[in-house]
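Inspection log for the structure reproduced underneath, given as structure tokens.
Every read-out reported here was derived from the displayed coordinates using simple, explicitly stated rules and does not represent laboratory data. This is a predicted model, so every value here is computed, not measured.
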């Protein structure tokens, strides 16, 4: 198969021919139809997070089951599926208490040594998936079945960006109807936080970014107010709009400064949820005195998802016209243009580029 391989860190992706094994016990071979470009992939390409190389990146994908190995009971050849990096072992304490997204034994479901170059060199699997390829060999616990009515290029977005944003609203923060919400960063994740807040019934949804194009998209997705933070004090502006601060704030950039701003724009008793991947080693600082007002700063891992339950529900919301996915796709590209897709991401002018296979 053809795949986009990260050979050096930092570095760009190289298109190469790769060998993939047939599925073994509990394994599923998926022919990928579409894969989204996520900022998390870029973090690894830019060496902000470590990973062994060479590796096939990509973790936001949808496709059709090609073949299954012994013991697989959940899917069969021909099923339409979405992949999820929250693959779970099903036996650790986190899994048994319903927190699959925090699974403590994911090493047991990784598929090491199953991807090689034409010369037999090992290629490492990324996030137990490696979706920037024509096929993907994964444990069945990394997949969820979806209806064939769902377009696979839109379904791919649910695999990470949509689930992360919506889940942060529904599952991590548990936004209440009528409440006030602020979102810092209106890229692919932030826009899904915006529409998650809309679906949850938030009364005021304040979108914050430094790009007017993204703020216009945020309005389309449900923001009631927008703030361009280029030359505006976002904290002061939020407090003025809400007469003291919001009940819920979300950081969707991966920035120490934005995380601190999210906390500082809360009203007493409010909750700030950090979604973005802040670089390793950076410390987020808050004024300890503000904790006496019962303000909370928390993280969200993939939207605290229960992906085999949540993702089919998101598909239903899309098919009902209540969840915007078409508008998230800024460009459809082929595998050969994956680096151009990441270059466009760096400009901050796109929501999602999707590789079509």
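Just subtract the alpha-carbon distance of residue 313 and residue 148 from 0.36 nm times their residue separation and send over the number in nm, one decimal.
Length gained between residue 313 and residue 148: 58.0 nm.
Which one, 182, 34, 343, has the greatest fluctuation when you compute a Gaussian network model over the chain with C-alpha springs under 10 angstrom?
Checking each option, the largest mean-square fluctuation is seen for 343.
Angle check, please: helix 212-221 long axis (alpha carbons) against the longest principal axis of the chain (alpha carbons), in degrees 0 to 90, nearest 10.
The angle comes out near 90 degrees.
Note the angle between two axes, namely the Cα long axis of helix 307-319 and the longest principal axis of the Cα atoms of the chain, as a number of degrees from 0 to 90, rounded to the nearest 10.
Tilt of helix 307-319: around 70 degrees.
Springs between alpha-carbon pairs under 10 angstrom, Gaussian network model over the chain: which of 116, 273, 232 fluctuates most?
232
What relative contact order, as a whole-number percentage, does the stretch 1-56 give when Cα pairs under 8 Å and 6 or more residues apart are counted?
46 percent
Apply the a/c threshold of 1.5 to the C-alpha gyration tensor of the chain and tell me whether it is rounded, prolate or oblate.
Prolate, since a/c reaches 1.5 and a/b exceeds b/c.
Could you give the C-alpha radius of gyration of the stretch 165-300 expressed as a fraction of 2.2 N^0.38 Å, taking N as the number of residues it contains?
Scaled against compact globular proteins, the figure is 0.92.
With each run of n ≥ 4 DSSP H residues scored as -39500 (n - 2.57), what mean residue ellipticity at 222 nm is computed for the chain after dividing by its residue count and rounding to the nearest 500 deg cm²/dmol?
Mean residue ellipticity, 222 nm, calculated: -6500 deg cm²/dmol.
For a test of the definition: using alpha carbon positions, the gyration tensor, and the 1.5 limit on a/c, classify the stretch 52-124 as rounded, prolate or oblate.
Oblate shape, in that a/c is at least 1.5 and b/c is the bigger or equal ratio.
Using only alpha carbon pairs under 8 Å that are at least six residues apart, calculate the relative contact order of the chain and give it in whole percent.
With pairs under 8 Å counted, the relative contact order is 18 percent.
What angle do you read, to the nearest 10 degrees and between 0 and 90, between the alpha-carbon axis of helix 188-200 and the longest principal axis of the chain?
Around 60 degrees separate the two axes.
In percent, how large is the relative contact order of the stretch 165-300, given Cα pairs closer than 8 Å and 6 or more residues apart?
Computed over the stretch 165-300, the figure is 22 percent.
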